[in-house]
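Notes follow the structure.
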Amino acid sequence: MTQLQPQSFVSNFSSQAEETDYFDYFYNEPGSEPGTLNIEPTARPSRIILIDYDEDDAIRKVDISPNALLPYLGKNSVSWMDVQGLGSEEVLREVGTIFDLHPLLLEDIVNVPQRPKLDEYKDKLMFIAHMVRRHDGVDGFVTEQVSFILGKNYLVTFQEEELEDCFDLVRERIRNNQGKVRQSKADYLAYLLLDSLIDGYFPILEHYEERIEVLEEKIISEPDRKIMQEIYSIRRELLALRRLLWPLRNVLNLMIRDDHDLLTQEVQIYFRDCYDHVIQILDILEAYRELASSLMDAYMSSVGNKMNEIMKFLTVFTAIFNPLTFIAGVYGMNFENMPELKWSWAYFACLGVMFSIASIMIFLFWKKGWFKTTYSLDEE
């Protein structure tokens, strides 16, 4: 069984970045048994956090066993079972047994990363999305797969990490009874979580906007090879973001257009807002990708202009000293019948002529504006 897990999307051209592959999904070895779970040795142990709520009350239980979830399956309240970490195969299989998860469904949950998708089963709806956040200390982003299992009165989420996610505001709403979450069903909770996940892409886009602006200034002022590497890195990262969001757009399209027993028409309207946000993010990504491509053209143009400035300076320098070199060469031949060699003031006259020629040429070049640079930040 082989698993490719490109969870960290970082640039900065460190050794970590060089080892990162942006565009792999999990795949099985040919002939592997369907439903096989591949637990990564570095995966965090699985822990279950339960939040059960209704209009009147909300409770939270941490580090409970899978069997402790059974009493909540038949309750009229809404139960959110958050499984954090995919490193405990026994716990994951017990959860799969309790919620009657198909082996292929459990395989998609555990063997990350998977392409965002939507699968409908007899009494449950499964969809997969990817959460992103900034990577500490370097440019780029980190992605984490989040799997949702929506039932009649429950929602099960599976996360790869337990350290941080973008669901804290939703937890706070449930705890403080803010908004309409405590008066709604599990499908509305699924909307809130997915909406929070999608909104987490906007800070990432703001970061790329800042990086592109900085690169634009560097390209004009001091273009070098590191800028070209940074441009390539940004283009790859933006393409990776688009690869995460494009299939999620199709998932949301299915959720809002098809009839699902577990999604009410009222909540489908809310999912349209998620769809609009994804379209907006994709539009921004396309704009940034075009900007990144134009940055490459601007870099090549800037390098060419810089080379032209150097060649112009050398040409002007050569044009000034060519006549002086000619005069020095003529009087360096030392023929006996050169009368100027016998004059007492000939040396100073020659220097004066050479200085006058150089001064006149410098003045003419200055009047023509040949000493000015083509581009400068002040002119921008």
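Since every read-out is calculated from the coordinates, none of them should be taken as a lab result. Computed from a predicted structure; not experimentally measured. We place every Cβ from the backbone using ideal geometry, glycine too, and count neighbours over all the protein chains shown.
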Exposure proxy check on SER46, SER356: fewest-to-most Cβ neighbours within 10 Å is SER356, SER46
Long-range alpha-carbon pairs in region 130-235, meaning those over 20 Å apart, account in percent for 53
So ILE39 and GLU266, fully extended at 0.36 nm per residue minus their Cα-Cα distance, gain in nm 77.9 nm
Cα-Cα longer than 27 Å, checked against LYS117/LYS185; LYS342/LYS367; LYS61/LYS117, kept in input order, equals LYS342/LYS367; LYS61/LYS117
re the chain: pairs of Cα atoms spaced beyond 33 Å account for a percent value of 49
Note on region 196-247: alpha-carbon gyration tensor, axes a ≥ b ≥ c; rule is a/c under 1.5 for rounded, else prolate if a/b larger than b/c, else oblate; result oblate
At R0 = 30 Å the Cβ-Cβ FRET efficiency linking THR318 and LEU351, nearest 0.05, sits at 0.90
Those helices of the chain passing the 27 Å axial Cα length cut-off and the mean Kyte-Doolittle cut-off of 1.0 (DSSP H runs only) are 346-367
Out of GLY74, ILE231, TYR121 - ranked by how far each Cα lies towards the positive end of the dipole of the chain, with unit charges on the beta-carbon of charged residues - the top one is ILE231
A student applying the Cα gyration tensor rule (rounded when a/c is under 1.5; otherwise prolate if a/b is larger than b/c, oblate if not) would label region 312-355 oblate
Quick note, region 134-177: a/c under 1.5 would make it rounded; otherwise a/b > b/c is prolate and the rest oblate (a ≥ b ≥ c, C-alpha gyration tensor); here it is oblate
Listed by chain and number, the residues whose amide H is under 5 Å from that of LEU86, excluding neighbours fewer than 5 places away on the same chain and using placed H, are ARG44
For the chain, the dipole about the Cα centre with charges only on Cβ (Lys and Arg +1, Asp and Glu -1), to the nearest 20 debye, works out at 1360
With a Förster distance of 35 angstrom and the Cβ-Cβ distance between TYR121 and ASP56, calculated FRET efficiency to the nearest 0.05 equals 0.65
With label points set 7 Å from each Cα along the Cα-to-Cβ direction at MET300 and ARG47, the distance between them in nm comes to 5.3
